[in-house]
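Enquirer: After the structure tokens below, expect a handful of questions from me.
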Amino acid sequence: MTLVIGAWTMGIILALLAIGVYVSFRICDFSDITTDGSFTLGAAVVATLLVTGVSPLAATGASFLAGAFAGCLTGILHMRCKIHGLLAGILVMTALYSVNLHVMGKSNVPLLSTDTLGTYAEKIGVQLAGGQPSLHVWGWEVATKEVAALGAVIGLVLVIAAVLYWFLHTNLGTALRATGDNPQMIRALGVNVGTMMTMGLALANGLVALSGALLAQYQGFADVQMGIGMIVLGLASVIIGEALVGTKQVGLAIAGAVMGALLFRLMVGLALRWGLNPNDLKFMTAFFVFLALILPGWVTKVWKTRSAESLHA
Amino acid sequence: MLEITRVAKAFHAGTPNEVRPLQGVSLTIPDRSFTIVIGTNGCGKTSLLNAVAGTFFVDDGSIHLDGHDITRWPEHRRAALIGRVFQNPFSGTAPTMTIAENFSLAVRRGLGRGLGPSLHRSLLVELTDRVRSLNMGLENRLQHAIGSLSGGQRQALTLLMATWRRPALLLLDEHTAALDPKSADLVIQLTDALIRREGLTTLMVTHAMPQAVHLGDRLVMMHRGRIVHDVSGAEKQRLRPGDLLDRFEDLRRQELLDPSAAALLQAAYV
């Protein structure tokens, strides 16, 4: 059960990554490779600040801001310097690898003897559990700190999803959505598309970095390579989510991204349990995304063909 | 009032592909004037609209609107003064967003966009009334994605969006060219009624001769980046499609057009 709760916690943390990718990929209509770098940046910033004694809350907030700054840079390269979006993301991602090494001072920073948000959650959880170090969940004995960590990340993701939903229905958020939907139209309505896109990418990468920061605190270390392939993971979550709930409403799309991240984590967990070589994980991730991209189209095509045949029969 | 003074623009300047759509165009459009711009393909009429809208900066000359020198203003800043309807019905709206959300964007054209709710009850009430005035039954579909509507419906809504906050200038860029004849007629009637009722200063580009002669109080004909004909008042009211064709024929005779182009013109306009 502890393993299951751990997998869920990891899935919920990565749901933040999925929400960030949803903002860049769907809201801004921008394929943002910065994600791989900003995820690690969030982890690097939080780890470095935590080991220097900064409070976990402030360190986590700083990692969000660092990610947002990286997103701003990508936005500026694309909108102001007129560099192709994909290339702008690649440039920032590549630069961030060195930045992350400089931030951490080495390739790996352990957090095992440092207070993290998880420590706070554990304290609150133990307090709520009446001082019990373990709990019984559906007949299984589970460490209170694991349940507390899961509860904390669920609460955090719910709050962030709610705030994002609210923001995307404000005047500013609606303009951001329209920027991705039809930049020509929104420009003609007096909105600076460059500023909007930069803001959207800042928000997206801030959320991605926040996900990185939480993951580093949960797993107890930050590693300079932990961001590799995160964009594919985020895309997989968004696309799986869209297949589950559709894309028509913002609220559903955000919920879909969260559900997609959880489902994807479950699929990965099952694949590993069924003996998948961990070395093949990235390959399988890419394969899952490939399937998620083409299957809906194939299913629709087959369904239409069969419908047409039954009409003619 | 819109004042365009000796505006010039060249694309790909200094290369074999150089195009000069605007070659010293000067035009003054008084307040409440409804000016029609016609001309052959590539004559510079859409470039003129784009220059005013700020899609690109002109190489030379100046543009003043409503007392402001907007020559170097970016497009989004000019939008505070300018309402615009594009040729393509898909260009003027955000397809995945609802009708109501599209209007919530138009309501704040030229205003700041903060963290207030984009949709609120009073806006929805006013929106329902205004959309009902189109007589298209769309007031019951405000929560539907605007991308699910026909081109004519979208263009009618775009027109309403462009004029929700009274613009100092309304730009119409062949906004019925991509519509079927019935929808085009409907949108033109709506356009004429709206401009007359609100007294909007309007610059409209069209290819359709009937629209050119029956709409507006002034007609400007462009050719090869220049204004070659400018009629208004009683002369404009007397204008018939044949007169415009004669004018095109004159241009041909002046060796500005070759005979094959004139034949194409006849086929396109008659």
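The values are calculated or read from the model by the stated rules, or taken from the named source; none is laboratory data. Note that this is a predicted model, so its numbers are computed, not measured. Don't worry about glycine lacking a Cβ; one is built from the backbone with ideal geometry, like all the others, and counts go over all protein chains shown. Note: accessible area is taken over every heavy atom of the protein model, side chains too, but ligands, DNA and RNA are not part of it. Shrake-Rupley method; radii C 1.70, N 1.55, O 1.52, S 1.80 Å.
Enquirer: Mind listing the long-range amide H neighbours of residue B:27? Cut-off is under 5 Å, sequence gap 5 or more, other chains count too, H placed in the peptide plane at 1.01 Å from N.
Expert: The answer is B:4, B:5, B:6.
Enquirer: Further question: Which FRET efficiency value, to the nearest 0.05, do you get for residue B:232 and residue A:69 by plugging their Cβ-Cβ distance into 1/(1 + (r/R0)^6) with R0 = 51 Å?
Expert: The formula returns an efficiency of 0.35 here.
Enquirer: So if a site counts as exposed when it's one of the trypsin sites (Lys or Arg not before Pro), its DSSP state isn't H, G, I, E or B, and it has at most 14 other Cβ atoms within 10 Å, what's the longest stretch of chain B without one?
Expert: Result for the longest clean stretch: B:73-270.
Enquirer: Continuing with this model, one more query. Which pairs, out of A:82/B:182; A:106/A:145; A:248/A:301, put more than 32 Å between their alpha-carbon atoms?
Expert: Table pairs above 32 Å Cα-Cα are A:82/B:182.
Enquirer: Given the rule -39500 (n - 2.57) for each run of at least 4 DSSP H residues, summed and divided by the residues of chain A, what is its mean residue ellipticity at 222 nm, to the nearest 500 deg cm²/dmol?
Expert: -26000 deg cm²/dmol
Enquirer: Distance between the C-alpha centers of segment A:1-65 and segment A:178-193? Whole Å please.
Expert: Comparing the Cα centres of segment A:1-65 and segment A:178-193, I get a distance of 29 Å.
Enquirer: Could you give the DSSP H helices of chain A that reach 27 angstrom or more along their long axis (alpha carbon positions) and whose average Kyte-Doolittle hydropathy is no lower than 0.5?
Expert: For chain A, where a helix must reach 27 Å along its axis and average at least 0.5, the hits are A:2-22, A:56-79, A:85-104, A:144-167, A:193-219, A:250-273, A:281-312.
Enquirer: So which lysines can residue B:9 reach, going by Cα to Cα under 17 Å and dropping same-chain residues fewer than 8 places off?
Expert: Cα-Cα hits under 17 Å: B:45.
Enquirer: How many square angstrom of accessible surface are buried between A and B, both sides summed, with a 1.4 Å probe and rounding to 100?
Expert: Approximately 2100 Å², summed over both chains.
Enquirer: Using a Gaussian network model of chain B with C-alpha springs under 10 Å, which one of B:162, B:145, B:53 is most mobile by mean-square fluctuation?
Expert: Result for chain B, Cα springs under 10 Å: B:145 fluctuates most.
Enquirer: Next up: Tell me, how many Å apart are the Cα centres for segment B:54-77 and for segment A:108-174?
Expert: Here the answer is 54 Å between Cα centres.
Enquirer: Mind giving me the nanometre distance, one decimal, between the label points for residue A:301 and residue A:252, set 7 Å out from Cα along Cα→Cβ?
Expert: With each label placed 7 Å out from Cα toward Cβ, I get 2.5 nm.
Enquirer: Using a/c under 1.5 as the rounded threshold, could you call chain B rounded, prolate or oblate? The axes a ≥ b ≥ c are square roots of the C-alpha gyration tensor eigenvalues, and prolate needs a/b larger than b/c, oblate otherwise.
Expert: Since a/c reaches 1.5 and a/b is larger than b/c, the shape of chain B is classed as prolate.
Enquirer: Next question, about the same structure. Work out which chymotrypsin sites (Phe, Trp or Tyr not before Pro) in chain A are exposed loop sites (DSSP not H, G, I, E or B, at most 10 other Cβ within 10 Å) and give the longest gap free of them.
Expert: After excluding every exposed loop site, the longest remaining stretch is A:1-137.
Enquirer: Now for a different question. Taking amide H positions as placed 1.01 Å from N in the peptide plane, with prolines and chain starts having none, which residues 5 or more places from residue B:84, or on another chain, fall under 5 Å of its amide H?
Expert: For residue B:84, whose amide H was placed from the backbone, the distant partners under 5 Å are B:171.
Enquirer: Tell me, what % of the accessible area of segment A:112-253 is carbon and sulfur with a 1.4 angstrom probe?
Expert: Accessible surface attributable to carbon and sulfur in segment A:112-253 totals 64 percent.
Enquirer: Quote the charge dipole size of segment A:2-224 about the Cα centre in Debye, to the nearest 20; the model charges only the Cβ of Lys and Arg (+1) and of Asp and Glu (-1).
Expert: Computed about the Cα centre, the dipole is about 500 debye.
Enquirer: Also, I was wondering about something else. Report, to one decimal in Å, the Kirkwood hydrodynamic radius for the protein assembly as shown based on all distinct Cα pairs.
Expert: 27.1
Enquirer: May I pose another question? List the residues whose amide H sits under 5 Å from the amide H of residue B:33, counting only those 5 or more places along or on another chain, with H placed 1.01 Å from N in the peptide plane.
Expert: Amide H to amide H, under 5 Å and 5 or more residues apart or across chains, residue B:33 pairs with B:202.
Enquirer: Output the residues of segment B:50-94 meeting this criterion: accessible area (heavy atoms, 1.4 Å probe) in the chain alone minus accessible area with all protein chains in place is 40 Å² or greater.
Expert: Those residues are B:75, B:76, B:86, B:91.
Enquirer: May I pose another question? Given springs between every Cα pair under 10 Å in a Gaussian network model of chain A, which of A:155, A:131, A:227 has the largest fluctuation?
Expert: The residue with the greatest mean-square fluctuation here is A:131.
Enquirer: Let me ask you something else. Roughly how far apart, in whole Å, are the Cα centres of segment A:252-266 and segment B:118-132?
Expert: Centre-to-centre (Cα) distance: 34 Å.
Enquirer: Oh, and also: Read phi for every residue in segment B:53-64 and hand back ³J(HN,Hα) as whole Hz from Karplus 6.51 cos²θ - 1.76 cosθ + 1.60, θ = phi - 60°, with x for Gly and Pro.
Expert: 6, x, 4, 9, 8, 7, 6, 8, x, 9, 10, 10
Enquirer: What is chain A by shape, rounded, prolate or oblate, if you read a ≥ b ≥ c off the alpha carbon gyration tensor as root eigenvalues and call it rounded for a/c under 1.5, prolate for a/b larger than b/c, and oblate otherwise?
Expert: In terms of gyration-tensor shape, oblate.
Enquirer: Assuming a ≥ b ≥ c are the square roots of the Cα gyration tensor eigenvalues, decide whether segment A:255-299 counts as rounded (a/c under 1.5), prolate (otherwise, with a/b larger than b/c) or oblate.
Expert: It is oblate, given that a/c is not under 1.5 and a/b is not larger than b/c.
Enquirer: Solvent-accessible area per residue for segment A:2-224 at a 1.4 Å probe radius, Å²?
Expert: On a per-residue basis, 41 Å².
Enquirer: Using the Cα centre of segment B:92-194 as the reference point, and only Cβ charges (+1 on K/R, -1 on D/E), how large is the resulting charge dipole? Debye, rounded to the nearest 20.
Expert: Value, rounded to 20: 440 debye.
Enquirer: Helix B:151-162 against the longest principal axis of chain B: what's the angle in degrees, Cα atoms only, rounded to the nearest 10?
Expert: Roughly 80 degrees, rounded to the nearest 10.
Enquirer: In whole Hz and in residue order, list the ³J(HN,Hα) couplings for segment A:136-142 that follow from phi through the Karplus curve 6.51 cos²θ - 1.76 cosθ + 1.60, θ = phi - 60°; x for Gly and Pro.
Expert: Once rounded to whole Hz, the list reads 9, 10, 6, x, 9, 8, 10.
Enquirer: While we're here: Where does the longest stretch of chain B lie that holds no GluC sites (Glu not before Pro) found in a DSSP loop with 14 or fewer other Cβ atoms within 10 Å?
Expert: B:19-254
Enquirer: Considering only A:236, A:18, A:152, give the residue with the highest GNM mean-square fluctuation for chain A, with springs between Cα atoms whenever their separation is below 10 Å.
Expert: A:152
Enquirer: Using a simple charge model, +1 on the beta-carbon of Lys and Arg, -1 on the beta-carbon of Asp and Glu, nothing else, what dipole does segment A:96-181 show about its Cα centre, in debye to the nearest 20?
Expert: 160
Enquirer: Projecting each Cα onto the charge dipole of the protein assembly as shown (Lys/Arg +1, Asp/Glu -1 at the beta carbon, about the Cα centre), which of B:23, B:245, B:215 comes out farthest on the positive side?
Expert: B:215
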